[in-house]
1. Once Rh is set to the Kirkwood radius over Cα pairs, what Stokes-Einstein translational diffusion coefficient, in µm²/s, holds for region 1-115 at a temperature of 10 °C and a viscosity of 1.306 mPa s?
2. Please list, or write none, the aspartates and glutamates whose alpha carbon is within less than 13 Å of the alpha carbon of Lys229, excluding same-chain residues fewer than 8 places away.
3. Which of these, Glu156, Glu272, Glu137, has the largest mean-square fluctuation under a Gaussian network model of the chain (Cα springs below 10 Å)?
4. Counting only other residues whose beta carbon sits under 12 Å from that of Val55, what net charge do I get with K and R as +1, D and E as -1?
5. Once you've got the GNM for the chain with C-alpha springs shorter than 10 Å, pick whichever of Val12, Val27, Val136 has the biggest mean-square fluctuation.
6. Could you tell me how far the Cα centroid of region 109-172 sits from the Cα centroid of region 187-264, in Å?
7. Distance check, please: which entries in Lys134/Lys196; Lys110/Lys186; Lys69/Lys134; Lys37/Lys69; Lys110/Lys134 exceed 26 angstrom between their Cα atoms?
8. Compare Asp271, Asp127, Asp202 in a GNM of the chain, Cα atoms joined below 10 Å, and give the one with the largest fluctuation.
Amino acid sequence: MNLRDLQYVIAVAEHQNFTRAAEAASVSQPALSNQIKKLEAELGVSIFQRDRDGVHLTAFGQDILQNAKLVIETVDHIGDIARKYRTSENLPLRLGMTPTLAAYLFRYFKNLFSQIAADRKIVVVEDYPVALAKMVEDRTVDMTFIAQKSFDQIFEGSERPMDFLSLWFEPLYLSVRTGHPLASSKSIWAHQVPAKQLIRFDISFGYDLEQDLPSSSSAAAESTGIDVKTARFETVCRHVAQSDACTIVNAIAAEQFRRDGFGLTFIPFDDEGNMRELGVLTRPQFPHPEIISALHNAVSQNPPGGTVATCNKDMVGLRAPCAT
């Protein structure tokens, strides 16, 4: 028996399917199945029951699973401790961010980490929340920045949730081209958004308000000549700036678009749920908790433009940045 065997058992138990478990473990399905069979033969007891309804743990398998998780967690923790003491390497900090953050916060975090971890460079990894959370678990990124709502959905019912530390609140805007008939609006309600002009992504931004917005119009997307399912966030915004379509934009991106003269106007929503709570996701055994603490303190004093630090929850309704 080795660690790989235990990892395979955990993967099959979680996915209840050998093919999906093999994909998650980055191994071929026959190799994983054979290894499980060898382990069962070595132990002399079946770990999984295989039938038409799928793959299920036996009573013995359930006991094995709990111990396997403890072993893997202990080994991972030892690795974290080792990384903590390898200070001479000065490994870069890998920060995971979603497309609505990555392109607009690199300079902010570069300056911030130059103060709180001056000996460490940062590397930004861009992806969507589910993939980023998996990277934190797999230790391919050190921390990731996602919405509280995304964190709750991803780890709902999880036996080993990650650590989440709230950092700031960020408003949502409706974005239209400058000169659009709606551009002069001081604010807007979700039900007033023109459904035939709205372009939205399938993946949530992490705002409760999104459920009250109309579905994305395929006609609006086609008229701009883009496929929303494959287009990047900034690509959609550029097309909106040159058409009568509209889309939703988070405050951090909006601040950068204003500075860049993107040709967009941003209209605040009057509805409740127009704020998302952003935070940093890390492993419970992250070897440098002092960096997370310093990060929280720094953001509290100087949050990203257009946001409100969680230190000032009372200011959330003001759509103004946290005073420093």
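1. Numbers: Rh = 17.1 Å.
Roughly 93 µm²/s, to the nearest whole number.
2. Answer for Lys229, where 13 Å is the Cα cut-off: Asp202, listed by chain and number.
3. Glu156
4. Cβ neighbours under 12 Å give a net charge of 0.
5. Val27
6. 24
7. On the way: Lys134/Lys196 36 Å; Lys110/Lys186 34 Å; Lys69/Lys134 16 Å; Lys37/Lys69 19 Å; Lys110/Lys134 24 Å.
Too far apart for the 26 Å limit: Lys134/Lys196; Lys110/Lys186.
8. Greatest mean-square fluctuation among the candidates belongs to Asp202.
The values are calculated or read from the model by the stated rules, or taken from the named source; none is laboratory data. Everything numeric here is computed off the predicted structure, so don't read it as measured data. Cβ: placed from backbone, ideal geometry, glycine included. Neighbour counts: every protein chain shown. To get the accessible areas, we keep the full protein, side chains included, count just its heavy atoms, and leave off ligands, DNA and RNA. Shrake-Rupley method; radii C 1.70, N 1.55, O 1.52, S 1.80 Å.
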